[in-house]
Amino acid sequence: MKLSKKTSLLFASLLLGNLSFSQPNEGVVSVRDVVETVTTQTISENVPPLLQGIWQGSDRLVMFSNENEFALVLRVFYQWYNDRAAEPASFRQLKTRDRNNTTITPSEEIEVKFKTIVENPSKTAGVYELCVKYPYFKENVFIPVCVINGNLYLDFLIKDSAQITDFGRQRTAENANESREGFYRSASSANGITIAQPIFQKEVVSYFVNGKDIYKIRYWLSEMEYNYSQASFSDGEKIFFVDKYLRIGSSVYQCTTGRSTKIRNSEKITKFEKETVYDNEGGILAFGKPYLTLVPNQNTKEQLMANVEENNKRRKPAPKPLFPVPEIKFHWKDISDLELYNPSTWNKRNLDIHQ
């Protein structure tokens, strides 16, 4: 059987071992450089510095404290009432929680520990997993979060080492002209930081950026064991190698069926569909608006409860009338004439005159 020139060059590259996984360079935040397996990652009660403090969102307040205190305040009824839905017992000793019809009494007590996945060299951004122990739930729940410059995101990617092989020559994505080229692996799957187990995505999307071209790669939930196997796809001129499996929290996702290593669901686009935010080094990419924003200079439970009390003092103004109130015009001359010629008031007017 006669092989084509491109196929022959590819086989030669495989035999010579040129397709080895490249080492990450500057701007690449590789999970492999941090840990080998999920069991070796350190779960700590200490809050990472980038997560410490009070975080505010449109519908909740979240506090992470190094005193092993996690609190979650729900801003319900269109933010007109702040409900202390989850907090430790020490909060109730400081001030009694209001009774209401929205949640149970007393509040939920949720334990949270922290796992640092990766931080950029300048320590301005990082990816973490919240190891959450919910009441009445046996297993720990892992909620991935990303912090970039004081904003917390739930939809984000980590730039990892990857490789592009041309037919006849080879180069790594990190050595390309564009510093933001490379493989951006999905690292998020939860829909929120909640008082009950959040909803996790069944599918996630990673991206391979190559110049002006962006390739979407779909991953779905898998029951396979996680390993560092590689999968590949081609655009006809180049072969792109990425991770076959992704480990996000306690879940594993894969991009090929069974033991196959060929990706068949890649999609070529010219730009990201969502608004993008990069960290300073370009190794972490977040999508959309922040889920939470750090409240400056506030990190204690007293400050959190003061914010709750101040917000609950507000009263919504009365609604405007459905129909405009007409301006009443009094005809005083006609009223005076009526009084003047009204026999029923004569006696009263006479008495007033002689006073």
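Readers should treat all values here as calculations from the given coordinates under stated rules, not as data from a laboratory. As the structure is a prediction and not an experimental result, all values here were calculated from the model. Here Cβ is always computed from backbone atoms with ideal geometry, including for glycine, and neighbour counts include all displayed protein chains.
List of remarks:
- The distance from the alpha carbon centre of region 198-251 to that of region 122-136 is 23 Å, rounded to a whole number.
- Relative exposure of GLU45, GLU69, judged by other C-beta atoms within 10 Å (fewest first): GLU45, GLU69
- Theoretical gain in end-to-end length, THR300 to ILE335 [0.36 nm per residue, Cα-Cα removed]: 5.9 nm
- Here the spin labels are modelled as points 7 Å beyond Cα on the Cα-Cβ line, and at THR293 and ASN312 they lie 2.5 nm apart.
- Residues of region 292-332 with amide N under 13 Å of the 7 Å Cα→Cβ point at VAL76: none
- Label zone (GLN197, point 7 Å along Cα-to-C-beta; backbone nitrogen cut-off 20 Å) within region 140-167: 140-145.
- Cα centre as origin, Lys/Arg/Asp/Glu Cβ charges: region 187-282 dipole, Debye: 300
- Two-site FRET efficiency, LYS268 against MET224, from Cβ-Cβ distance with R₀ of 30 Å, rounded to 0.05: 0.65
- Stretchable slack from ASN46 to SER250, in nm (0.36 nm times residue separation minus alpha-carbon distance): 71.4 nm
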